[in-house]
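Only one structure is covered here, and it is reproduced in the block below.
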Amino acid sequence: MRLTNFFPRLLLASVAVVAGCSANPVTGEKQLALMSESEEVQAGQQAHQEILAQNPPYRDAALQAYVSRVGQMMAAQSPRQNLRYTFTVLDDPGVNAFALPGGYVYITTGLMAYLNSEAELAGVLGHEIGHVSARHNVSQASWSAVGGILASVASDKLGNKELFNTIGELGLTHYSRNQELDADGLGAQFLARAGYDPVYMANVIATLQAYDQFTGGSSDPYRDLFSTHPNNDVRLQQLINQARQYQRGGRDPGHESYLRQTDGLRLPLGNGETVQVRLITTRPGDTFETVAQSSRLRNNAAMHLRVFNGMYPNGEPRPGQLIKTIQ
């Protein structure tokens, strides 16, 4: 085995790690960051255009403005006030939200359909702002760059690229779990500072947990080991305990105002059909079973409506309550 270029390239990776370590702007801890803030913003701008080219924004100016308003209110709580934050609703039925370097934050229509208050929306956006605030994206990109050097060395000289990649991915996955928990904590703090009860961060996780259980996502035995997010049960308990440190009264959680904003939200079914989120006011005797009879949802529609309305697994609407259905 020839190792002529092995040690210089390994040294290059080591130097990059040492030289690239800087203080996390939120925690003060050392983390790898191989790009300056201006480079971070430039990278985010370029990636933003690529995202929009692949997945256009949802065509509803009022909804985009609403999400942007809530997002800017949450961004005002971030310690990184020199960034220009941008919030975009993507026309995507997937249940997801994410952020790019430089302050670009996205939420899908699929996730918005499952939220039930402005405070929950603020919690999701606050979590993603937390990633930006702590430069998690920059750190991940930096580790990927170093990993590319090491993977090349392993592939060329050690002859076991698959094993090396698995070890590397596990290391990055563990690091990302820590980042997710940091972002949860920051999101809870941002909620409290904006006047919301930070317990709504826990509500968001409960919604994701219900969605996982309903769709069968938690049945994968390898989910906890390889997921980039912590296990939902553990994460939920951590959030509840963390949120209690910041609890205070103040801003209305905005249940009805949020539901009004999402009334008419269009969601593709994947077979060429499109459904809409519609609001109804329940009457005495209404249950999710009776409401489901007029819904376009298929396969366990009543239980699906419970997930949509934050009442999974056995909740029922009260008479006169505003709830979401699918038409």
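Throughout, read-outs are computed from the coordinates displayed, never taken from laboratory work. Worth saying up front: this structure is predicted, and the values here are computed from it rather than measured. All Cβ positions, glycine included, derive from the backbone under ideal geometry; neighbour counts span all protein chains shown.
Need one number: nm distance between label points at ASN82 and ARG266, each 7 Å from Cα along Cα→Cβ, rounded to one decimal.
4.2 nm
Where Lys and Arg each count +1 and Asp and Glu each count -1, what net charge lies around GLY130 among other residues with Cβ under 10 Å from its Cβ?
That sum, taken over residues with Cβ under 10 Å, equals -4.
Sorted by packing (mean other beta-carbon atoms within 10 Å per residue), highest first, where do 114-125, 62-73, 197-208 land?
So the order, starting with the most tightly packed, is 114-125, 197-208, 62-73.
Among ILE280, ILE323, what is the fewest-to-most ranking by other Cβ atoms within 10 Å?
Least crowded to most crowded, the residues run ILE280, ILE323.
Quote the FRET efficiency, to the nearest 0.05, computed for GLU39 versus GLN64 with a Förster distance R0 of 25 Å and r equal to the Cβ-Cβ distance.
Here the calculated transfer efficiency is 0.35.
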